[in-house]
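Only one structure is covered here, and it is reproduced in the block below.
The values are calculated or read from the model by the stated rules, or taken from the named source; none is laboratory data. Just so it is clear, the structure is predicted and the values come from calculations on it, not from any experiment. Here the Cβ positions follow ideal geometry from the backbone for every residue, glycine too, while neighbour counts run over all protein chains shown.
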């Protein structure tokens with residue numbers, strides 16, 4: 001097991017690099033878990049704005065409008081003082097000021113003039129209250145024209161029921177996504193970054209000086225050497241995968257252990273591990289020094305992660321970028337991960353998407369292995 005021990009010894013020398021990337025990965029996952037835990041999808045509630053109100057009319061319609069505003073927003077009754085109103089708006093004690101004019105019925109209901117308002121220029125809250133206020137006034141005008149009294153029209157707007165929103169749990173996730181989806185989203189970066197560096201350093205060590213010639217002249221057959229090297233790769237990749245799964249159990253506990261899709265997450269991460277192992281070995285066949293390895297490993301790991309939805313969610317990425325990303329294995333890993341995060345119980349269509357993605361991952365891994373065999377044979381003949 002000389003070759004196997006050589007692989008493992010070189011990997012041991014790079015243990016510091018492995019622990020560094022593990023610390024970065026778990027730190028990011030923990031931060032995302034904390035942020036996700038603050039989100040709540042339990043209910044929807046209309047936003048209430050701080051409104052200042054000046055009532056110069058005190059009639060039944062004005063009183064009805066005042067009560068409606070108080071039920072809808074945070075209302076502060078104010079005196080009709082220009083300086084005071086400007087000061088309150090300047091210091092943002094209120095964001096919107098409504099002035100109900102004298103003879104409110106004749107001015108706004110009969111003559112159709114707009115009610116006087118003062119607001120923060122360009123603010124979204126101003127447009128929000130504008131729409132609500134205009135809708136309320138139009139409702140009162142409609143009832144008055146239909147023959148209702150002022151008191152009845154005022155009561156109508158107070159009796160209007162607010163729309164009730166019920167969040168349908170169509171996918172079993174209560175309208176949200178499980179927190180551990182972010183953990184699995186970042187796994188490709190961990191696998192690619194660690195394995196590209198480690199396998200690169202291992203293969204560079206075995207290409208130094210006369211080591212290749214000595215290995216060819218060794219009593220150990222080339223087949224046995226390859227098998228021992230493959231075993232070392234599997235130990236390295238398997239160990240990294242086990243650490244990743246153990247981290248998920250430690251951080252998410254029962255939530256991940258009882259998840260219906262947990263086996264799919266494991267299979268998907270195993271597929272990504274196979275891709276990362278084969279790709280990192282392929283890169284190691286070409287690198288000649290640590291500077292070259294650092295450049296290729298960073299471009300490859302960071303580039304694929306940025307293009308394929310690891311660092312930037314797919315739903316906010318440009319469609320043209322995603323079309324290019326389909327030719328990269330990480331894209332299909334993230335597609336599977338997003339699908340699993342959207343469903344508590346996979347439908348037939350979702351399951352087809354998942355198996356298609358994992359199948360394409362394995363096809364990428366097989367393609368990289370074929371390239372490894374071709375390059376290795378060419379290098380031996382050369």
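With 354, 321, 336 as the choices, which residue is surrounded by fewer than 20 Cβ atoms within 10 Å (Cβ to Cβ), assigned by TED's automatic domain parsing to the domain that holds residue 181 and touching a residue at least 12 places away in the same chain (Cβ under 8 Å)?
Of 354, 321, 336, the one residue that is surrounded by fewer than 20 Cβ atoms within 10 Å (Cβ to Cβ), assigned by TED's automatic domain parsing to the domain that holds residue 181 and touching a residue at least 12 places away in the same chain (Cβ under 8 Å) is 321.
So which pairs qualify, if the first residue must be in the range 295-308 and closer than 16 Å to residue 201 by Cα, the second must be modelled with pLDDT under 90 and outside any helix (DSSP H, G or I), the Cβ gap must be under 7 Å, and the two must be at least 6 apart or on different chains?
That search, which allows pairs on different chains as well, returns 296/287.
Of the residues that sit in the range 93-129 and are farther than 21 Å from residue 144 by Cα and without any contact (Cβ under 8 Å) to a residue 24 or more places away in the chain, which one is surrounded by the most Cβ atoms within 10 Å (Cβ to Cβ)?
Selected residue: 117.
If residue 345 satisfies all but one of (1) surrounded by 15 or more Cβ atoms within 10 Å (Cβ to Cβ); (2) touching a residue at least 40 places away in the same chain (Cβ under 8 Å); (3) under 23 Å from residue 183 (Cβ atoms), what's the number of the condition it fails?
(1)
Quick one: is residue 143 without any contact (Cβ under 8 Å) to a residue 24 or more places away in the chain, in the same structural domain as residue 82 (by TED's automatic domain parsing) and touching a helix residue (DSSP H, G or I) at 6+ places or on another chain (Cβ under 8 Å)?
yes
Table: residues versus (1) under 22 Å from residue 366 (Cβ atoms); (2) at pLDDT below 75; (3) surrounded by 16 or more Cβ atoms within 10 Å (Cβ to Cβ).
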| residue | (1), (2), (3) |
| --- | --- |
| 200 | yes, no, yes |
| 210 | no, yes, no |
| 220 | no, yes, no |
| 226 | yes, yes, no |
| 247 | no, no, yes |
| 254 | no, no, no |
| 260 | no, no, no |
| 271 | yes, no, yes |
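Residue 283: surrounded by fewer than 19 Cβ atoms within 10 Å (Cβ to Cβ) and under 25 Å from residue 376 (Cβ atoms), yes or no?
No; evaluated as a whole, the condition is false for this residue.
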